[in-house]
Each structure stands twice: as C-alpha cells, then as structure tokens.
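Participant: Here it is: the structure, laid out below.
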Amino acid sequence: MTKIDEFDRKIINILLKDSKQSNFEIGRQLGLSHDAVRYRIEKLVKEKVILNFSVDIDPAKLGLVIWGDLIVSVWNLNPKRYDEFLAYLQEHPNVAGIWNLSGRYEWFIEIFTYDLKHFNEITKEIKLKFSDIIKDMEIAFVLNDLKQYTYPVV
C-alpha cells in the first residue's frame with residue numbers, strides 16, 4: 001500500500017479542485033518548493049494514486065443539452081454478446097460513463113445528446129441491437145447537477 005502523508009493529501013485535494021495549477025502555485029499554498037511538489041506528484045503518478053489528469057467540460061456549451069441515464073438489467077448472457085454490448089457502449093461517442101451495479105439493474109449508462117430526438121434514437125438503437133439480452137431498461141434525466149464527481153481525500 002502506498003504511504004500518503006498530509007502534504008500528499010493536500011496536493012491531491014488541490015488538483016481535484018483545479019488540476020491546472022502549477023507546482024509553484026501549489027507549493028506556495030502548502031509552504032513547499034515547486035520541486036518538492038513536482039517530486040510528490042510524480043511519486044503519486046508512479047504509484048498509481050493519481051491515474052490521469054483530465055479536463056472537465058460543460059457539455060451544454062458543446063450543444064449537448066440532454067443528459068440522461070439508462071439503467072439496464074440483462075439476461076440470457078453469453079460471453080460474446082456480453083462483450084459486444086460492452087464494446088458498443090464503450091465506443092459510442094455519446095456514452096459518457098458506464099457503471100456496473102449490484103442489485104436489480106446491472107448497468108448505469110450516462111448519455112449526453114443534442115436533443116430528445118437524438119437521445120431517443122440512441123436508446124432505441126441500444127434496445128434493438130441488444131434486445132436479446134436486455135431484460136429491462138429505465139430512463140432517467142438529470143434535472144439539476146448539484147455536485148460533480150469528487151473523491152474524499154481525508
């Protein structure tokens with residue numbers, strides 16, 4: 001297990017809030033040199049505590065104003081169809097996230113589209129293409145985004 005100290009946790013929290021801050025800016029906030037911050041970040045990346053650096057976007061500003069979720073239960077799975085289903089979802093340009101669930105539904109699929117017609121076309125395509133393995137599907141639309149994904153680093 002990777003040993004994480006208080007400075008590492010603070011660096012992670014700073015990067016989670018704004019990953020474009022420079023090592024100099026982070027060091028100034030924490031009373032560390034920029035070299036110390038760089039070393040700590042490189043260590044966290046090497047030890048796979050930090051998996052990647054990414055950009056958050058506002059989908060609506062790209063015209064993706066419909067944010068909906070498919071909640072899917074499956075049955076009659078064989079390995080080939082299962083792999084095809086997951087590959088299709090992973091490669092689909094409008095699928096933003098896929099989570100495997102426990103409970104009544106196995107899959108939570110997050111989709112961004114330009115309008116309701118486009119969303120309906122995508123969901124219909126999924127239903128038709130995988131009607132042999134989809135047992136049940138529910139659709140939920142995000143009405144208000146109160147908190148983005150964050151991870152507690154205590």
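Participant: Taking only pairs six or more apart or across chains, which ones have beta-carbon atoms under 6 Å, a first residue in region 39-50 that is over 11 Å from PHE7 (Cβ atoms), and a second residue that is among the acidic types (Asp, Glu) and loosely packed, with under 15 Cβ neighbours inside 10 Å?
Facilitator: none
Participant: If only one of PHE112, PHE130, PHE119, PHE85 is over 27 Å from SER19 (Cα atoms), in contact with a helix residue (DSSP H, G or I) (Cβ under 8 Å, 6 or more places away or on another chain) and either at pLDDT 90 or above or aliphatic (A, V, I, L, M) (or both), which one is it?
Facilitator: Selected residue: PHE130, the only one of PHE112, PHE130, PHE119, PHE85 that is over 27 Å from SER19 (Cα atoms), in contact with a helix residue (DSSP H, G or I) (Cβ under 8 Å, 6 or more places away or on another chain) and either at pLDDT 90 or above or aliphatic (A, V, I, L, M) (or both).
Participant: Check whether at least one residue in region 69-76 is within 29 Å of PHE108 (Cβ to Cβ), over 16 Å from the mean Cα position of the chain (by Cα), exposed (fewer than 11 other Cβ atoms within 10 Å of the Cβ) and among the hydrophobic types (A, V, I, L, M, F, W, C), and report yes or no.
Facilitator: yes
Participant: Hey, could you check region 55-95 for residues that are touching a residue at least 24 places away in the same chain (Cβ under 8 Å) and among the small types (Gly, Ala, Ser) and say which is nearest to THR123 (Cα to Cα)?
Facilitator: Selected residue: GLY68.
Participant: Considering only region 77-93, state which residues are within 10 Å of PHE130 (Cβ to Cβ) and either among the basic types (Lys, Arg) or crowded, with 16+ Cβ neighbours inside 10 Å (or both).
Facilitator: ARG81, PHE85, LEU89
Participant: Testing ILE41 on (1) part of a helix (DSSP H, G or I); (2) modelled with pLDDT under 95; (3) crowded, with 16+ Cβ neighbours inside 10 Å, one condition comes back false. Which one is that?
Facilitator: (2)
Participant: Further question: So which pairs qualify, if the first residue must be in region 7-29 and surrounded by fewer than 17 Cβ atoms within 10 Å (Cβ to Cβ), the second must be outside any loop (DSSP other than H, G, I, E, B) and basic (Lys, Arg), the Cβ gap must be under 7 Å, and the two must be at least 6 apart or on different chains?
Facilitator: PHE7/ARG40
Participant: Only residues in region 120-145 that are more than 18 Å from TRP67 (Cα to Cα) count as the first member; pair them with residues that are not in a strand (DSSP E or B), Cβ under 6 angstrom, at least 6 apart or cross-chain, and list the lot.
Facilitator: That search, which allows pairs on different chains as well, returns PHE130/PHE85; ILE133/ASN76; ILE133/LEU77; ILE133/ARG81; LYS135/TRP75.
The values are calculated or read from the model by the stated rules, or taken from the named source; none is laboratory data. Computed from a predicted model, the values in this text were never measured in an experiment. Using ideal geometry, Cβ is built from the backbone for each residue, glycine included, and neighbour counts are taken over all protein chains shown.
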